[in-house]
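Following: one structure in C-alpha cells, then a few remarks.
Each reported figure results from applying straightforward, stated rules to the coordinates on display, with no laboratory input. The shown structure was predicted, so the numbers you read here are calculated from the model rather than taken from an experiment. Counting neighbours? That spans all protein chains shown, and the Cβs are built from the backbone with ideal geometry, glycine included.
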Amino acid sequence: MAEILKVNNLITQFKTESGIVKAVNDVSYYINEQEIIGLVGESGCGKSVSQLSVMQLINAPGKITGGEIIFEGQNLLKYKQHSPEMRSIRGARIAMIFQEPMTSLNPVLTIGQQLTEMLVLHLKMSNEDARKRAIQLMGMVGIPAAEGRIDDYPHNFSGGMRQRVMIAMGLSCDPRILIADEPTTALDVTTQAQLLEMMKDMVQRFRASLVIVTHNLGVVARYAERIYIMYAGRIVESGTTKDIFSKPRHPYTMGLLKCIPRLDEEEGRKLVPIEGLPPNLINMPTTCAFLPRCSWKIERCYKDPWPELTPVNDNHFIRCYADTKEKKSEPG
Amino acid sequence: MNQDNLILDVKDLKMYFPVVRGLLRRKVADVKAVDGVTFKLMRDETLGLVGESGCGKTTIGRCIIGLYRATGGQILFEDEDITSMSEKKLREVRRNIALIFQDPYSSLDPRQSAGGIVGEPLKIHNMALNKGEYKDRVEQLLRIVGLDPSMVDRFPHEFSGGQRQRIGVARALACDPSLIICDEPISALDVSIQAQIINLLEELQDSVKGLSYLFIAHDLSVVRHISDRVAVMYLGHIMEICKSRVLYENPLHPYTRALLSAIPIADPFVEETRERIILKGEVPSPLNPPPGCPFHPRCFMAIPECSQAVPPLRTISDGHEVACIRA
Amino acid sequence: MPDKIATGIVENGMAETAPRVSEWRRFRRVFLSRGLVFFGMVVILVFIFVAITAQWIAPYDPYKPDYTAILQNPSSSHWLGTDAIGRDTLSRIIYGTRTSLVIGLIVVFFACTIGITLGTIAGFFGGWIYIIIMRFIDALMSFPMILLALVIAALLGGGMKNVIISLSIALMPGYARLMCGQVLSVKQNDYILAERSMGASNLRMMLRHVVPNCISPIIVQITMMLGATILAEAGLSFLGIGITPPTAAWGSMVSDAREYLMVMPILSFAPGMALMLVVFAFNMVGDGLRDALDPRLRGIL
C-alpha cells in the first residue's frame, strides 16, 4: 500500500500573552491508502491542532512554523492558506468532521443547500445533479427518507443525524482522506456505535483513508489499524494497534491502559491513575514532558532532552530512555 | 436483602414534566422522564444507574434530593418519604444526601474561594460551633480529597478540572452524608484524571462506614467498575438490574446487550471476537413513547406481543431482574 | 460534630497547581491597557475633583450677577466669558459639574437599587412573580426613557428632587431588565442547583450566590448610565423642566445661551463641551470595564 499522506516534523505554535504555546511539536506520521489510523491523546495534547494544521485551518495567533505535509506527492505547506490549490484540496481531497454536530452546520441553510454547495463548488456539478447526488449521499450515511428531509433545516435533525449529514458532506467530493476529530464524543453510546460502524463502511466504499482523532482507547482498539499516542504536543508512541495494546512500551501508554475501567475486567480490579497533571505547554522543559508523572524514570531522563522516536521493532516506536521491556510489572 | 440496611427505597417513581402552551399555560402533554421506577439501595452499597441521554437517570437523582417533586410513587430515604415532605423538612434531610455534579466548571461558584465552597454546607446547617472548628473541618475536608489545605483561599478558576471535581467531592462530604448521588462525576474529565476521581470515591467509601453511592453515568464500563449493582435505564424505565459482575457475563435484556456491544474495549484482540449489535434508529422522544415495551421499535428480538404492555421487572435469579418478556 | 471520615486517607499527589492568578492584577492590566479608557478615567477623576472643590476653585460666585460685565468675550479675567447677566461661565460650569454628578449618582443609585431588586426577584422566582414584575417593567420601557422622564417631571414640576424622582423612574426598568436576564442565566448554573441540593434557603442563594455573579454587567451598565443620566438631566434642564434657575446646570446654561448662539457661541459651546466630555468619559470607562470584567475573557487575557 502506498503512502497517501506523510507529515514530517510538523510544528504549530500559538502566540499568547504569557508565552509561546507549542501545541504541535515535531510531529511526524504517515497514512497509507485505505488505512484507518488512530490519533490518541488527552485534551490539549495537540491531536486536533495537528489535524487542523494538515487542513491549514490554523488561524492567528496560531502558526505552522515548521515541517512539511506531503499529500499525494506535493508539500501542502508550499501553498498559502487561501490559495486556490489549498482550497481545491481542503474539503474535497481531505475532508474533516468535527466534534460538535450542533455548531458545525449553518442553521439558516437547509441540509440540501449545504450538501450541494460542496458538489457545485468542487465538482462543478449542475444544481440538479448535485441535488440527486446529495440525496444519494444522505441515503448512504443512513438518513431515512432522504428525499423528504433534504429541504429540512439542521434544527430538525437530532445530534446523531447531524453528524451523519456532516459525514455525508465530508464524503461528498470523494476525498482521499477523511479526518474525524472526536466524531462521536458528544453523542450517545449506541449512536456512537452506529456512526463509527457506518463511517468505517463508508471509507471502505469510497476507498478513502480515515484518521480517527480521539481520547477513547476503545474506539481505536476497535477500528484503527495503526495508532499514534500523543502527549504534550508530541507523538510518544506509535505502532500497530495490536502491538500498542498488547506490548505498550511508553510509560504514558502503559499508564493510560491501566487507568481506564474495562467492561470485561475482573471484579476488584484497582485502577492505577497517572498521578499529577499534564504539563503547561508554555515554558515546557527540554526534558521529557511526561517525566514528572512517570514511574519508570531513570537518571538519564533528567539530564538529556526529550528522546527521539526510537524503534523497538519494525513499525513500533517510542520516545523513552527507560527500558520498559525488562520489568513486566510496574516498578517501585 | 436485610431490610435494616436499607437506606433508599424507591417505589414506582414517576416524574412527568408538563409541556405548557399559550398564555394560559395550558398543559398539552407530559414528558414522561421517569415512568415507574423501582429500586432499593443498601448501606455501603453503590448502585450504578446507566443509560443514554434522556433516559431519566439524572431526573431520578434530582427527585431523590427533592429538587423535583415526584409526580407519583414513593422515595423512602431512611424510612421517610421524600415525595411528601415539607420544604423545611426537606432542607434538613439534604444534610444527609449530597450531590456531585458532572461539570466541574459550572458547579462551583466562581466568586467563592475553595474553602468557602467546601464550608458552605457547614454554614447552611450550622454545623461548626466556632471559627476555629470551621477552619479545621474545611482543611480536613480538603486533605481528605487530596488537595493541599494551603489552597483554601484560591478561587475555582485557579484549579484544574480534576482538582475542581475534588472540591466538589469535599463539599459533598462536608456534612457526613449517608448517600451521595454522583451525577456523571467524571465524564467531563480527561482520561488520566478520571481514574484519580474514581479511586478517590472508592477510597472514601471504604473508609467511611455507611456511605452509599448512587452513581449515575452513561459509560457502562465506568459504572460497572465502581458499582456493586447496576440498573440499566431506557426512556424512563429500568430495563435490567443486576450485580455488576453478572452484567457483562450474562446480560439478559436486548438493550443491555446492545449497550454493552456499543462500548468498545481497549483491547484489539478482545474486540475481534465480540458480538456487535448495531441498533436501528434513534431513541424515541419521551414526549411520545412507543406503546408497550419502550425499546421494542429498535429491538432485534421484538415480537408482536412486545407492543402490548409495558413488561414489568421480573426476578430471574437472586438479585437479577429484567423487564423483557423474551429474556 | 460527628466525624465518620477518617483523616488518614491516601493523599493523591495533587499538590502541583498552576501558579496563582491574581484577579485584581488581571483586571487592572486589561482595564488600563487601552489609552481611551485611561483617558476617560482621568477625565472622570478631574470632574469629581472639580465637583468636590467647586467653592474653592471657582474664580467667581456663579450666582451673583455682575451688570458691569455682561456678555463678555473670553479674557484673562473671565476665561470663558460671561453670560447675559454677567455671571462667569467657567464658575457656572464648575458648579454645574457638581449638579450633574450629584444628580447622576443619586439617580443611578435609586434606579439601580430598585431595578436590581425587582429584576432579581422576578428572575429568581419566575412564574407569576416574573410575569407581573416584568410586564410592569415592559410597560415602563415602552416609553422612550427621556419621554417618560419628561412626562413625570412635567407632572411633578421642576427642581432637583423632582428631577431625581423622574429620572430614577425612567432609568429603573433598564436595570431591572438587565438584572432579570442575568439572574435567569446565572440560575442555570449547577452551583445554584448545588446550593439548593445542600438545603440552602432562597435568600441565601439569592444574596450570596446569584447577585454577586450577576453584578459585573450591572457595574458596566451603571458606568454607562451615569453618562446617559447626566445627559438626560441636561436635556430636562434644557427644556426648562429640570433644574430651576438660578442653580447652575449645564443643560439650562445651554438653553439660556441659545439666544446668543450667533453672537456668543462660547456660552453654549462651553457647557456643551463639558457635557460631551463627561458622557464620553463614562462610556469609555464603561467599555473598559466590560472588557475587564467579562468572565469569558478570564484566564485568556
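Table for the structure above
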| item | result |
| --- | --- |
| Spin-label zone in region C:209-240 - amide nitrogen under 13 Å from a point set 7 Å from the Cα of C:Ile48 along the C-beta vector | C:223 |
| Neighbouring partner chain Cβ atoms per residue of A:23-29, average, 10 Å criterion | 0 |
| Built amide H within the under 5 Å cut-off of A:His316, gap 5+ | none |
| On Cα atoms only, tilt of B:131-144 relative to the major axis of chain B in degrees | 50 |
| For region A:30-59 versus region C:76-124, the gap between their alpha-carbon centres in whole angstrom | 60 |
| Packing-based exposure ordering (other Cβ within 10 Å, fewest first) of B:Val28, C:Val46, B:Val223 | B:Val28, C:Val46, B:Val223 |
| Net charge, A:Thr12 excluded, C-beta distance under 10 Å - Lys, Arg +1, Asp, Glu -1 | +2 |
| Inter-chain Cβ neighbour average for residues B:182-194, partner chain, 10 Å | 4 |
| Whole-Hz ³J(HN,Hα) from phi, Karplus 6.51 cos²θ - 1.76 cosθ + 1.60, for region A:103-112, glycine and proline x | 10, 8, 10, 7, x, 9, 10, 6, 4, x |
| Pairwise centroid distance, computed over Cα atoms, of region B:1-79 with region A:150-180, Å | 36 |
| Rounded FRET efficiency, nearest 0.05, which uses the C-beta distance separating C:Leu277 from C:Trp56 and R0 of 25 Å | 0.70 |
| Cα-based Rg / Dmax (Å) for the protein assembly as shown | 33.5, 112 |
| Principal-axis tilt of helix C:265-293 within chain C, Cα atoms, nearest 10 degrees | 10 |
| Contour minus Cα-Cα distance for A:Asn127 and A:Asn9 (0.36 nm per residue) | 38.3 nm |
| Ranking of A:Arg133, B:Arg224 by count of other Cβ atoms within 10 Å, fewest first | A:Arg133, B:Arg224 |
| Label-point separation in nm, C:Asn202 to B:Arg143, each point 7 Å along Cα→Cβ | 4.1 |
| Set A:Lys258/B:Lys57; A:Lys47/A:Lys200; B:Lys11/B:Lys89; B:Lys88/B:Lys135 screened for pairs whose C-alpha atoms are more than 24 Å apart | A:Lys258/B:Lys57; B:Lys88/B:Lys135 |
| Tensor-based shape of region A:3-230 (alpha-carbon gyration tensor, a/c under 1.5 rounded, otherwise prolate or oblate) | prolate |
| Surrounding net charge for A:Glu72, when Lys and Arg each add one and Asp and Glu each subtract one, Cβ distance under 15 Å | 0 |
| Ranked A:Tyr302, A:Tyr252, criterion: other C-beta atoms within 10 Å, fewest first | A:Tyr302, A:Tyr252 |
| At R0 = 60 Å, FRET efficiency that the Cβ-Cβ distance of C:Leu105 and A:Asp174 yields, to 0.05 | 0.30 |
| Segment A:Lys325-A:Tyr153, extension gain: residue separation times 0.36 nm, minus the distance between their alpha carbons | 56.4 nm |
| Alpha carbon Rg of chain C, scaled by the compact-globule rule 2.2 N^0.38 Å | 1.29 |
| Residue-count net charge about A:Arg90 - beta-carbon cut-off 13 Å; Lys, Arg +1, Asp, Glu -1 | +3 |
| Paramagnetic reach from B:Val270 in region B:203-239 [backbone N under 20 Å; point 7 Å along Cα→Cβ] | B:217-232 |
| Cα centroid separation - region B:272-290 against region C:216-293, whole Å | 66 |
| A:Lys258-B:His157 FRET efficiency (beta carbon distance; Förster radius 25 Å; 0.05 resolution) | 0.20 |
| Karplus (6.51, -1.76, 1.60) ³J(HN,Hα), θ = phi - 60°, over region A:250-255, in Hz, Gly and Pro reported as x | 8, x, 5, 4, 4, x |
| Gyration tensor (alpha-carbon) shape descriptor, region C:155-301, a/c threshold 1.5 | oblate |
| Rounded to 10°, Cα long-axis angle of helix B:191-207 versus longest principal axis of chain B | 80 |
